[in-house]
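Just so you know, all these numbers are worked out from the coordinates, no wet-lab data involved. Nothing here was measured: the structure is a model prediction, and the numbers come from that model. Note that each Cβ is placed from the backbone with ideal geometry, even for glycine, and that neighbours are counted across all protein chains shown.
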């Protein structure tokens, strides 16, 4: 089973719920940045091709500059993708993923230099690709200044030196293409710096949301402590008094026992009321907790969460997520798991799957609770019965799929299911 094409990746599982508008704004800003950088690079390639054509170079050379430039621009896509998912942090460079783009940039520079004799075109492709890597801030600042100065210097040499007939110095605007080349790395760094600033602000927003959630949970813990501490103290006193009265006054002792029972009922009702006030943990947090638990158990976990997951019926999915995660921990026995909460038209779909450690015995008959479970995991259906009931109470359904190597539970709930549904 695959998630919808527009479903977010695992990174959403570790973040507090965000609105669709916020997620779209961040994504749109990134694409604005990417499009701008690609247009900058494409403009430089086109301007140089036009310059070389006007300077009298063979059309085949100009075509090679154009085609090679397009290949070089495409080779920067993995670097941009790595920068996007790196979040703008200065991390260790993964040379295994960046080696190919750097080799392509170097090959393009050497090829264009051999055809045109322009030193600026030898340096520019590699210098530009290097700006797309995750360098520490002070390294990037020094690098872009050094590259800009180097490009400006070799541009002066190229303009003053004939590379063909007529020489570049004879071109009516010899510095036009050069200025674009010199400014390209600096423009790239400024664009990526703007993206880094946006990511810092977004992380600050996420941290603020997490702090608010933590403070709310601390408030819940304090309320639970006060509520239960008071009632437990009262119950303890009533039971102690009943114990003392029992030998001499059985009626008074029974009265105290009844009072203790009423205190227990009051404590239970108070706990329910408190749970009603703080009814649910945000679903993205529930999934993040489930992912962390499974990883702690040694499983490789993939989590896919819709950007609007905070609008799903948490009163239904919260217990379902906890129960199915416990199911995998107790009875799974595999090495990998997958969690997904996605919106499909007018319903929400939660899916959890894990690999099974051994092929299923042919004699095992699937049932709604433990379909496909091997004999040592027959208890797997116990908790799933409650999950199916919980989904059915709000008009949803639960499906269990057992394959030779996978065990999957799918719970679907109507989108209009009340948030305060059954727990």
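Brief remarks on what is shown
- Extension gain, residue 250 to residue 58, is 57.7 nm, computed as 0.36 nm per intervening residue step minus the present C-alpha separation.
- Here residue 27 and residue 233 are evaluated by their C-beta separation; at R0 = 51 Å the FRET efficiency comes out at 0.40.
- Residue 274 paired with residue 240, simple spin-label distance in nm, labels 7 Å along Cα-to-beta-carbon: 2.2
- Look at 398, 143 and count the other Cβ atoms within 10 Å of each Cβ; fewest to most, that gives 143, 398.
- FRET efficiency, 1/(1 + (r/R0)^6) with R0 30 Å, evaluated for residue 152 and residue 197 via beta carbons: 0.65
- Residue order for 123, 321, 410, fewest other beta carbons within 10 angstrom first, comes to 410, 123, 321.
- Sites residue 212 and residue 67, calculated FRET efficiency, Cβ-Cβ separation with R0 60 Å, nearest 0.05: 0.65
- The equivalent ellipsoid that matches the C-alpha gyration tensor of region 214-277 spans semi-axes of 32, 11, 4 angstrom, in descending order.
- Comparing Cα centroids, region 125-145 and region 229-276 end up 71 angstrom apart.
- For the pair residue 404 and residue 38, label points projected 7 Å from Cα toward Cβ lie 4.2 nm apart.
- Exposure proxy ranking for 138, 40, based on other Cβ atoms within 10 angstrom of each Cβ and starting from the fewest, stands as 138, 40.
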